[in-house]
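Inspection log for the structure reproduced underneath, given as structure tokens.
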Amino acid sequence: MSIATFLSKVDHTFRPFMGRLPASLFTRLYSSTRPWFSKKASNDLIAPIDIPDHLHFQFKHLTFRSRLGNAAGMYKQAEGYDRAYAQGAGFYLSGTTTSEVRLGNKKNGIHLPFVPYPFSHSASNWLGLPNDGHKATATKISRFVRYPHFPIGASMAMDPGMGTESSLRGLLDGIHAYVDAGCDFLELNESCPNVPGHESNHGVLDKSLLLRLDSIASQFAIDSIPIFVKFSNDTELNLVPNLLQALIDRGFSGVNFGNTSTKYEVHEQSIHPLDKQHYHYFTTTFGGGISGNIVRSSSTALVRAAQAFRESQHSKEFMIIATGGIETHDDFLQAQHNGADLVQWYTGYYEQFGLHGNAVYSNMYAD
């Protein structure tokens, strides 16, 4: 058993007891240890598992060896590629990058604030897109040893705080860098709640979004590589048809619902009483996005709405990706039943890793 697996199992056992610590101390503890653990775990040496051919999924020219893989938040610096393959992921997605290097958020002496809610199987983070930049990350990906039926994706975002023209130019340069690096698909992150400039009205079709989509579609051969667009779990259901139509009209390949949520009052009713002191402290001190079980219902509703629209338009070549609240085997199956072609997980992955270690994907594929 690796150190990362051992520590994860210990943490899974004792986290509910540590949850009795004062909220500020509990947050500081997990914020300081999470980056170290992620780096340590990404270097685990694992014998690759076999995935049956019947789990493969075909989309356009790509074959995914399964429909389940990591969300962008898991591998912030494009680490853990070989580990993800060995564990049994169906694809690999690197963390969201911007054109300029970002160190991430820091407040009250806490860098990259994060806190788990052990009784609610959920979490909050206020990371702020820490990354090494499009070009450096693309260079790293270009050195990956490729595996069959294991597509590599890159998540990208506009630079917060940068002028629109400069940020868009950086995004387009990044797209070219990732294509040159051999990426198989891209994900445009329009959903990060933890940086300035990514706030949006989730009930109207944003004109600046349409301008970005137009620029990408007009300046890049968008049919040469699938590009999916990721939206917040807070997106209003009545906006889904207009969003999807805008993507389809411009040649984008799919949609991802979604990222974290900032509807703190709405989701508070789903927070276990023993987690509420940490929830109140984090959301009032940092804000940030909440993830895990408490956003499953909103993600499910959005995926169902997207599937209903897709069926009405007969858009077979448009992919739906489900992210949010995926933790168990049943969650994985239900997401597919709701219409999801691919499923991404993050918070639920770590919950399951604490139980099953590196057999985490094998357990999800059971039966």
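The values are calculated or read from the model by the stated rules, or taken from the named source; none is laboratory data. Predicted, not measured: the structure shown is a model, and the values here were computed from it. Positions of Cβ are backbone-derived with ideal geometry, glycine not excepted, and every protein chain shown enters the neighbour counts.
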| task | State the number of residues belonging to region 17-33 that are surrounded by fewer than 17 Cβ atoms within 10 Å (Cβ to Cβ), in a helix (DSSP H, G or I) and in contact with a Leu (Cβ under 8 Å, 6 or more places away or on another chain). | result | 2
| query | Among the candidates V295, V204, V266, V240, which residue alone is under 26 Å from K60 (Cβ atoms) and among the hydrophobic types (A, V, I, L, M, F, W, C)? | reply | V240
| said: Which of the numbered conditions does G324 fail, given that it passes all the others? Conditions: (1) modelled with pLDDT of 95 or more; (2) under 19 Å from the mean Cα position of the chain (by Cα). | reply: (1)
| query | In region 62-81, what residues are closer than 20 Å to S142 by Cβ and either outside any strand (DSSP E or B) or among the aliphatic types (A, V, I, L, M) (or both)? | reply | L62, A72, Y75, K76, Q77, A78, E79, G80, Y81
| Residue list for region 124-145, restricted to those being under 9 Å from A177 (Cβ atoms) and in contact with a strand residue (DSSP E or B) (Cβ under 6 Å, 6 or more places away or on another chain) | H134, T137
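Can you name the residue in region 126-143 that is touching a residue at least 12 places away in the same chain (Cβ under 8 Å) and outside any helix (DSSP H, G or I) and is also farthest from M156 (Cα to Cα) among such residues? Quick ask: steps written out before the conclusion?
From region 126-143, those touching a residue at least 12 places away in the same chain (Cβ under 8 Å) are 126-142; that's our starting set.
Then drop every residue that is not outside any helix (DSSP H, G or I), which leaves 126-133.
Values: W126: 18, L127: 15, G128: 13, L129: 10, P130: 12, N131: 10, D132: 12, G133: 9 Å.
Ranking the candidates gives W126 first.
Within region 246-265, track down each residue that is assigned to a helix (DSSP H, G or I) and either touching a residue at least 12 places away in the same chain (Cβ under 8 Å) or among the aromatic types (F, W, Y) (or both).
First, pick out the residues of region 246-265 that are assigned to a helix (DSSP H, G or I): 246-249, 264-265.
Those that are assigned to a helix (DSSP H, G or I) and either touching a residue at least 12 places away in the same chain (Cβ under 8 Å) or among the aromatic types (F, W, Y) (or both): A246, L247, I248, Y264.
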| In region 140-171, which residues are touching a helix residue (DSSP H, G or I) at 6+ places or on another chain (Cβ under 8 Å) and either surrounded by fewer than 16 Cβ atoms within 10 Å (Cβ to Cβ) or under 17 Å from E79 (Cβ atoms) (or both)? | I141, S142, F144, V145, Y147, F150, I152, A154, T164
| message | When you scan region 357-365, do you find a residue that is farther than 16 Å from N70 by Cα and outside any loop (DSSP other than H, G, I, E, B), even just one? | response | no
| request: Select from region 253-278 the residues that are over 15 Å from S124 (Cα atoms) and not small (G, A, S) and write down the one among them that is surrounded by the most Cβ atoms within 10 Å (Cβ to Cβ). | output: N256
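Return the residues of region 308-326 that are farther than 11 Å from V343 by Cβ, in contact with a strand residue (DSSP E or B) (Cβ under 7 Å, 6 or more places away or on another chain) and in a loop (DSSP other than H, G, I, E, B); say none if nothing qualifies.
Let us first name the residues in region 308-326 that are farther than 11 Å from V343 by Cβ, namely 308-319.
Checking the rest, the ones that are also in contact with a strand residue (DSSP E or B) (Cβ under 7 Å, 6 or more places away or on another chain) come to 310, 318-319.
Correct list: F318 only.
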| said: Any residue at all in region 300-317 that's among the aliphatic types (A, V, I, L, M), closer than 28 Å to I225 by Cα and either free of Cβ contacts under 8 Å to residues at least 60 places away in the same chain or in contact with a Pro (Cβ under 7 Å, 6 or more places away or on another chain) (or both)? | reply: yes
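Taking T5 as the residue in question, decide whether it is crowded, with 19+ Cβ neighbours inside 10 Å, out of contact with any Lys or Arg (no Cβ under 9 Å at 6 or more places or on another chain) and either assigned to a loop (DSSP other than H, G, I, E, B) or modelled with pLDDT under 90 (or both). Quick ask: steps written out before the conclusion?
Numbers: crowded, with 19+ Cβ neighbours inside 10 Å: yes; out of contact with any Lys or Arg (no Cβ under 9 Å at 6 or more places or on another chain): yes; either assigned to a loop (DSSP other than H, G, I, E, B) or modelled with pLDDT under 90 (or both): yes.
Yes; evaluated as a whole, the condition is true for this residue.
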| said: Considering only residues that are of a type in the set (A, V, I, L, M, F, W, C), under 19 Å from the mean Cα position of the chain (by Cα) and on the phi < 0 side of the Ramachandran plot, which ones fall in region 98-113? | reply: L103
| task | For residues that are of a type outside the set (A, V, I, L, M, F, W, C), over 22 Å from the mean Cα position of the chain (by Cα) and closer than 20 Å to R28 by Cβ, tally how many sit in region 262-304. | result | 8
| Before we move on, is T164 modelled with pLDDT under 95 and closer than 21 Å to F231 by Cα? | yes
| field | Long-range neighbours under 8 Å by Cβ, at least six apart or interchain, first residue under 14 Å from Y147 (Cα atoms) within region 40-52, second in a loop (DSSP other than H, G, I, E, B) | value | P48/G88; I49/G88; I51/R65; I51/S66; I51/G88; I51/G90; I51/Y365
| From the options E327, E268, residue that is over 26 Å from K207 (Cα atoms), in contact with an Asp or Glu (Cβ under 9 Å, 6 or more places away or on another chain) and of a type in the set (D, E) | E327
| said: So, in region 327-356, exactly how many residues are part of a helix (DSSP H, G or I) and either crowded, with 16+ Cβ neighbours inside 10 Å or touching a helix residue (DSSP H, G or I) at 6+ places or on another chain (Cβ under 8 Å) (or both)? | reply: 16
